[in-house]
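For reference, the structure is listed below as structure tokens.
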Protein chains: 2
Amino acid sequence: METLNAAESLAALGHETRLAIFRALVQVGPEGLNAGAIGEKLGLAPATLSFHLSHLSRVGLIRGRQESRFIFYSADYSAMDDLIAFLTANCCQGDTCLPKTASCESTDKRRSAKPVCEGESCE
Amino acid sequence: METLNAAESLAALGHETRLAIFRALVQVGPEGLNAGAIGEKLGLAPATLSFHLSHLSRVGLIRGRQESRFIFYSADYSAMDDLIAFLTANCCQGDTCLPKTASCESTDKRRSAKPVCEGESCE
DNA sequence: TCAATATTTCGACAATACTCGAATTATGGA
DNA sequence: TCCATAATTCGAGTATTGTCGAAATATTGA
């Protein structure tokens, strides 16, 4: 993930309403919620909601799938993982970061349980 | 960390220039860099740099300390940890999140190596 | 085909954020 | 004390973002 993409994702989450949407979707799981349900839950005007949903979609943090006449939105967990990996990718410069942030790796790395943060990944 | 604070931190990082500043500070370690060095490294006009530094300071992601006539800025690692903890705090709703994101905890929790994500922490 | 529902797009306005030259404040050394 | 350097604040202009009513599009079921 390049800096520009990361900044775009972070900016997308850096708005109270969008962050609330994203967290609601993260919480509810892969099935997601349809737009109307999100709007109702958070008290948003349809146009406003749509604006934020498309923003989050554009940067890849959520995705929508049509299901009958509803559109269900769900969080893209791997995008979130990538973002977190990006943020923590540099806190292992020597003894810099507190507890060696090896525990915060991207999904794949975490899966393989291999301790990282001591080689090429640290740049 | 409340949603509002998290959104403010994310928004602060959601700007290419500020993200670059923050990452430079994360990389360089706790000693930090003085303002001039940051500006030179990233090619920023003094006023622009100052604007972004104060933004990052205001939300608590960096801090400055005066040292002779320089002001050294350094990343606040615990603020970053808090932010990451906030983002991952909800991906453990049943079998929702991919590899049970227990590995991404806040610093303190990570230190104590106690596996979380199966009780009150899952709000 | 028609009406009802779900969602998005359009358009306009308001608010906020960004940039940067110039002026200002603060510190240290001669 | 005075000058040079480091950094911030001010101010003004430009650009971007957010909000939401109204209109448009899409899907379903009768």
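The values are calculated or read from the model by the stated rules, or taken from the named source; none is laboratory data. Because the structure is a prediction, the values reported are computed rather than measured. Cβ atoms come from the backbone with ideal geometry, glycine included; neighbour counts cover every protein chain shown. Ligands, DNA and RNA are excluded from the accessible area calculation, which covers all protein heavy atoms including side chains. Shrake-Rupley method; radii C 1.70, N 1.55, O 1.52, S 1.80 Å.
A few remarks follow.
- Estimated from the Cβ-Cβ distance and a Förster radius of 25 angstrom, the FRET efficiency linking residue A:45 and residue B:1 is about 0.35.
- Heavy-atom SASA rank of B:48, A:88, B:17 (probe 1.4 Å, accessible area, largest first): B:48, B:17, A:88
- Ascending distances from the residue A:16 label point to its copies in the other chains, with the point 7 Å along the Cα-to-beta-carbon line: 2.9 nm.
- Averaged over the residues of peptide B:66-77, the number of Cβ atoms from other protein chains lying within 10 Å of each residue's Cβ is 1.
- Distances in nm from residue A:47 to the matching label points in the other copies, shortest first (labels 7 Å along Cα to Cβ): 3.6
- For the peptide A:30-36, the mean number of other protein chain Cβ atoms found within 10 angstrom of a residue's Cβ is 1.
- Inter-label distance, nm, simple model (7 Å from Cα along the C-beta direction), residue B:31/residue B:67: 0.7
- Take every pair of alpha-carbon atoms less than 8 Å apart whose residues are at least six positions apart; their mean separation over the length of region B:1-98 yields a relative contact order of 31 percent.
- Per-residue surface analysis assigns residue A:54 an accessible area of about 70 Å², computed on protein heavy atoms at 1.4 Å probe radius.
- Residue-level accessible surface for residue B:38, protein heavy atoms, 1.4 Å, Å²: 0
- Peptide A:3-15 shows a mean partner chain C-beta count of 6 within 10 Å per residue C-beta.
- Surface accessible to a 1.4 Å probe, residue A:8 within the full protein complex, Å²: 80
- Largest accessible area first, the listed residues A:52, A:15 line up as A:15, A:52 when surface is computed with a 1.4 Å probe on the assembled protein chains.
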